[in-house]
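A quick write-up on the structure given underneath.
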Amino acid sequence: MGHEYSSHVVWTGSRGNGTTGYHDFDRTWDISIAGKSVIHCSNDPLLGGDPTKMNPEDLLLSALSACHMLWYLHYASDEGIVVTSYADDPVGLGKVGRGGAGRFSSATLRPQITVKTGTDLQAAEAIHHRIHEVCFIARSINFPVNYEPTFTTEGS
């Protein structure tokens, strides 16, 4: 069974003369999907983009982290592990080759997870290593993903 995803991406960076010259337009666009908030985006700041807006690399890393989180919460629930808080500060490493073409070489997810006191932390940690088998995003990328979770516990 297949799923279809769609999006609407619109370039917003024309300054009135289109792409008449390399420095004559902005690398900005909006992502919109019916019924959802618009995301205003820009190019990577290293390439002259607006550092206050999301760029494709931000979006990919965030999607990877969010997919991992959602599967983690699912598996934790299945195993009776009560998660009360989950936040991630993922880091992606990129390489730029000759001619400026780049790619992610790896990513490290660094979730900070709070679980109820008495939780088997080894079982809670082991969940991370199963998610790459089911996470739509992780299964779609071609670079390694590492996991560095930290756990804290809170009273039952």
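Could you work out the relative contact order of the chain, using alpha carbon pairs under 8 angstrom and six or more residues apart, expressed as a whole percent?
Working: 243 pairs, mean separation 25.9, N = 156.
After rounding, I find 17 percent.
Residues whose amide H comes within less than 5 Å of that of Ser106, counting only those at least five positions distant or on another chain, are Leu93 (H built at 1.01 Å from N in the peptide plane). Annotation: the residues Met69, Met1, Met54, sorted from fewest to most other C-beta atoms within 10 Å of their own C-beta, follow the order Met1, Met54, Met69. The fraction of Cα-Cα pairs per 10 angstrom bin, counted from 0 for the chain, comes to 9, 30, 30, 20, 8, 3, 0 percent, rounded to whole percents. Projecting the Cα atoms of Leu59, Ile33, Leu93 onto the charge dipole of the range 31-94 (Cβ charges, centred on the Cα centre) puts Ile33 farthest toward the positive pole. Estimated purely from DSSP H runs of n ≥ 4, each contributing -39500 (n - 2.57), the mean residue ellipticity at 222 nm for the chain is -6000 deg cm²/dmol once divided by its residues.
Restricting the calculation to alpha carbons of the range 8-47 gives Rg and Dmax of 11.7, 36 angstrom.
Which order do His132, His68 fall in if you start with the one that has the fewest other Cβ atoms within 10 Å? Write out the running numbers ahead of the final one.
Working: His132 16, His68 23.
The fewest-first ordering by Cβ neighbours comes to His132, His68.
Each Cα pair under 8 Å and six or more residues apart adds its separation to the average, and for the range 8-47 the resulting relative contact order is 34 percent. Rounded to the nearest 10 degrees, the angle from helix 56-78 to the longest Cα principal axis of the chain is 20 degrees.
Comparing His68, Gly48, His132 along the charge dipole axis of the chain, the residue lying farthest to the positive side is Gly48, per the Cβ-charge model.
Going by neighbour counts of Cβ atoms within 10 Å, the residues Val115, Val96 line up, fewest first, as Val96, Val115. Remark: the chain carries a charge dipole of roughly 420 debye about the Cα centre, counting +1 on each Lys and Arg Cβ and -1 on each Asp and Glu Cβ.
None of the figures in this text is laboratory data; all of them are computed from the coordinates on show. Fair warning: this is a prediction, and the values are worked out from it, not measured in the lab. Cβ sites come from the backbone with ideal geometry, for glycine too, and all protein chains shown count toward neighbours.
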